[in-house]
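As structure tokens, the structure follows; a few thoughts come after it.
The values are calculated or read from the model by the stated rules, or taken from the named source; none is laboratory data. Note that the coordinates shown come from a computational prediction; the quantities given were computed from them, not determined experimentally. FYI the Cβ positions are ideal-geometry reconstructions off the backbone, even for glycines, and counts take in every protein chain you see.
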Amino acid sequence: MNISQLNGNKFYKAFLVISFLVIVFLVAELTGFREKITIDYIRQLFMEHKFIGSIVFISIFSLGNLLYIPGWIFLVGGVLAVGKFYGGCLAFAGGMSSSILSYVVVGFAGKDALRVLEKHKVAKKFFDHLDERPLRTIIVLRFIFQTAPFLNYALILSKVKFRDFFIGTFLGLPLPITLYCIFFEYLFSKYL
């Protein structure tokens, strides 16, 4: 396989992944799934039954994040429903499971599709940094963006190994989740 065939293959993978993500987003929009997942909906899950609500919460967090519903909605819903400690633990479990689900689904479609951008100066610098220090880079990105779907997709499509992706996510999520939990608990106790 020559270089032009290899680059063509990466463009094809990138096209497939982008097409898949657009289809997933459209399905979520057209079915109303994105609008159905609200803070009140999440709160109601826990009112019915805490254990089943927890399993459903983690499942919906995973699916919702894959469908581009921001993770903070689940975090706020969890904190409102069950408090900062249990809500934080659930948000961490949901964030981990959503990241793993994204890795499996998006990685299946195009594991290294973004590497086609390596020719660009900024992208090359990012990939070099990611290749040299994957754990540190992922941890810092998780501090900043937590479980943002675009971050999951970018990391997965950048040819990051699952081990680095998992460990970086595991180490990068607790601090921002804890800070958000404390902030939202304070905000709710003050104004609700």
Q: State which residue is surrounded by the fewest Cβ atoms within 10 Å (Cβ to Cβ) when the search covers only the range 87-108 and only residues that are of a type outside the set (Ser, Thr, Tyr), within 14 Å of Asn65 (Cα to Cα) and in contact (Cβ under 8 Å) with a residue 60 or more places away in the chain.
A: Ile100
Q. Here are Gly110, Gly95, Gly77: which of them is farther than 21 Å from Thr178 by Cα and either under 18 Å from the mean Cα position of the chain (by Cα) or modelled with pLDDT of 75 or more (or both)?
A. Gly110
Q: Run down Phe25, Phe46 and say which single residue is surrounded by fewer than 17 Cβ atoms within 10 Å (Cβ to Cβ), at pLDDT below 85 and assigned to a helix (DSSP H, G or I).
A: Phe25
**Q.** Residue check for Val22: within 17 Å of the chain's Cα centre (by Cα) and without any contact (Cβ under 8 Å) to a residue 12 or more places away in the chain
**A.** yes
(Q) Of all residues being polar (S, T, N, Q) and under 19 Å from Leu101 (Cβ atoms) in the range 140-186, which is surrounded by the most Cβ atoms within 10 Å (Cβ to Cβ)? Just the residue, please. (A) Thr147
Q. Which one of these does Thr137 not meet: (1) surrounded by fewer than 17 Cβ atoms within 10 Å (Cβ to Cβ); (2) over 25 Å from Leu63 (Cβ atoms); (3) not acidic (Asp, Glu)?
A. (1)
Q | Residue that is surrounded by the fewest Cβ atoms within 10 Å (Cβ to Cβ), among those in the range 52-85 that are under 13 Å from Ile42 (Cβ atoms) and of a type in the set (Phe, Trp, Tyr) | A | Trp72
Q) Residues Lys111, Lys84: which one is under 13 Å from Pro174 (Cα atoms), among the basic types (Lys, Arg) and either out of contact with any Asp or Glu (no Cβ under 9 Å at 6 or more places or on another chain) or touching a residue at least 60 places away in the same chain (Cβ under 8 Å) (or both)? A) Lys84
Q.
Please pick out the residue among Ile100, Ile139, Ile156, Ile144 that is within 30 Å of Ser189 (Cα to Cα), of a type in the set (Val, Ile, Thr) and under 16 Å from the mean Cα position of the chain (by Cα).
A. Ile144
